[in-house]
Structures are given as C-alpha cells and as structure tokens.
1. Please go through region 132-153 and pick out each residue that is closer than 17 Å to residue 33 by Cβ and either surrounded by 21 or more Cβ atoms within 10 Å (Cβ to Cβ) or not charged (D, E, K, R) (or both).
2. Checking the condition aliphatic (A, V, I, L, M) and either under 26 Å from residue 45 (Cα atoms) or in contact with a His (Cβ under 6 Å, 6 or more places away or on another chain) (or both), which residue from 232, 200 passes?
3. Among the residues of region 52-68, is there at least one that is touching a residue at least 60 places away in the same chain (Cβ under 8 Å), in contact with a Pro (Cβ under 9 Å, 6 or more places away or on another chain), outside any loop (DSSP other than H, G, I, E, B) and aromatic (Phe, Trp, Tyr)?
4. Mind listing whichever residues of region 9-29 are surrounded by fewer than 16 Cβ atoms within 10 Å (Cβ to Cβ) and in a loop (DSSP other than H, G, I, E, B)?
5. Residue 197: in contact with a Gly (Cβ under 9 Å, 6 or more places away or on another chain), more than 26 Å from residue 61 (Cβ to Cβ) and not small (Gly, Ala, Ser), yes or no?
6. Residues in region 154-175: is at least one surrounded by 17 or more Cβ atoms within 10 Å (Cβ to Cβ), among the polar types (S, T, N, Q) and away from the ligand (no atom under 16 Å from the Cβ)?
7. How many residues does region 113-129 contain that are surrounded by fewer than 18 Cβ atoms within 10 Å (Cβ to Cβ) and within 14 Å of the ligand (Cβ to nearest atom)?
8. Give the residue, chosen from 124, 119, 202, 163, that is among the acidic types (Asp, Glu), farther than 22 Å from residue 30 by Cβ and touching a Lys or Arg at 6+ places or on another chain (Cβ under 9 Å).
Amino acid sequence: MAGTNDDKFVLAPAPRAAVPVQGGGWFPVRRIFCVARNYEAHAREMGADPSREAPFFFTKPADAVLPVGSGETGRLVYPLATQDLHHEIELVVALAAGGENLTAEQARACIWGYAVGLDMTRRDLQAEAKAKGRPWDSAKAFDDAAPVSALRHMPGVELSRGDIRLDVNGELRQRGDLGDMIWSVAEVIAYFSRYFRLQAGDLIFTGTPEGVGPVRVGDQLRGAVEGVGTLALEVVARPQQ
Ligand code: MN
C-alpha cells in the first residue's frame, strides 16, 4: 500500500479523486461501480427484456469523476471519439464502509450518503461494442464520464422513493421515481459485494430512468433527485489543439 513512501515515488502521484460534500469537506473516491438497466422503462428503450434477471454492471475509473459543487455549474468538455454523447441521470450512493457477501441489512449500514450523478455514455461506441460483443469501457469509462453533485450525508438511510429527473435547456428529458428501480439501493450494494470487496469511498451509480438521449455543445443540463440535491452542467466545446 502507498501512503508512507511518498518521497520514493518516481513520479508525482495523481491527485486523489473526490467529490464535495454539502456543508463542506470532500469525500475521497475509491472506485465507481455502475448498474445497467435498473429501471424497466429504460431497459425497454434500450431494446432489452426488462424481466428481473440478474443485474449486470460496469465500472468507471475513480478519476472519471467530474465534481460539481452546490450552486456551481460544471463544465463538461465534449469528449473525444464520439458523435453521440448521451445523458443518463442517476442516483449515486456513497459508501462509508464495505465488505464481501453483505446482506441487504449490512449493505444499508454501509451507506454514507447520496449524490446526483450523470452516467455519461458514448452511445455510438457502446452500440459498436454491443454489436461486436466487446467490453463497454470505451463507451463508459472515459475522462469526465461521471459528473457528480455534492454529496448529502444520510448515514444508513436507504432511499426507496423520490422523484429523479433531468432537464436539458429547461426541457424535461428524463423523469422517474426511485421506487421504480428493479434492484433497491441495498440490493445493489449487496450484489456488488458478491463480486468485489467494497470499501469506504466507493460510489455506486444505481441506473437511469427512461428518456436517455444526446447532448450537444452549449446544452445546459440540470438533474435533480428529491431529498438529495441538484446537479448543473454545461457541455462545452473541446479546445482547438
Ligand atoms: Mn447508466
């Protein structure tokens, strides 16, 4: 483990990924886990069978986080290598603790709090990956692919209902209710813990409701989750190189 050998690194270590906390402070991000197709209507719009099959997942690197403080508007530079960048508004769970093979009750006790997140997706690259049976990393794990609002500290609280929505340029694009999630917050945490040793600092994106679609340079995004907060983001052009 690093920590005591800072003066021995041959390069300056990258700064630690973190997201702001409502009321002050920063939450250090360890890993980012994401659930796919956790709302039936979204599963259908992606051409999938919304039956209650086992959930599946993907990850993003911790430094894909684009932290956006309360009252701020984040700036998302339109990413490389896509002509079809999509928004997916999601409830994000932050963990204060972890473990392996957690029960739902143990999983609930690991909850530190919640944020509003966007699982930004290069949909054209995802379609290509699906068609060729390849991994989704190029579609999901790019730089700044995970804008996240300030976290609200809600230790041990499992959110099971509440409005989740995304407006683009003042127009409603996505709307759902947390109660529509196929797998509850505690079930999602417990599920990941069957495959990974979860730890404090992990973030989990819990899936998006229906209405995903493309964003363009100049778009103003405003996401909100009832009882958690809001996330404001502007899509800006990539600087000429
Ligand atoms: Mn998603």
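The values are calculated or read from the model by the stated rules, or taken from the named source; none is laboratory data. Note that this is a predicted model, so its numbers are computed, not measured. Note that each Cβ is placed from the backbone with ideal geometry, even for glycine, and that neighbours are counted across all protein chains shown.
1. Within region 132-153, the subset closer than 17 Å to residue 33 by Cβ is 135-137, 139-142, 145-148, 151.
The answer is 135, 136, 139, 140, 141, 142, 145, 146, 147, 148, 151.
2. Numbers: 200 fails: either under 26 Å from residue 45 (Cα atoms) or in contact with a His (Cβ under 6 Å, 6 or more places away or on another chain) (or both).
Criteria check complete, one pass: 232.
3. The answer is yes, given that some residue of region 52-68 is touching a residue at least 60 places away in the same chain (Cβ under 8 Å), in contact with a Pro (Cβ under 9 Å, 6 or more places away or on another chain), outside any loop (DSSP other than H, G, I, E, B) and aromatic (Phe, Trp, Tyr).
4. Within region 9-29, 9, 10, 11, 12, 13, 14, 15, 16, 23, 24, 25 meet the criteria.
5. No, not satisfied.
6. No, region 154-175 has no match at all.
7. We begin by selecting, within region 113-129, every residue surrounded by fewer than 18 Cβ atoms within 10 Å (Cβ to Cβ); these are 124, 127-129.
So of that shortlist, the ones also within 14 Å of the ligand (Cβ to nearest atom) come out as none.
Total meeting the criteria: 0.
8. On inspection, the qualifying residue turns out to be 163.
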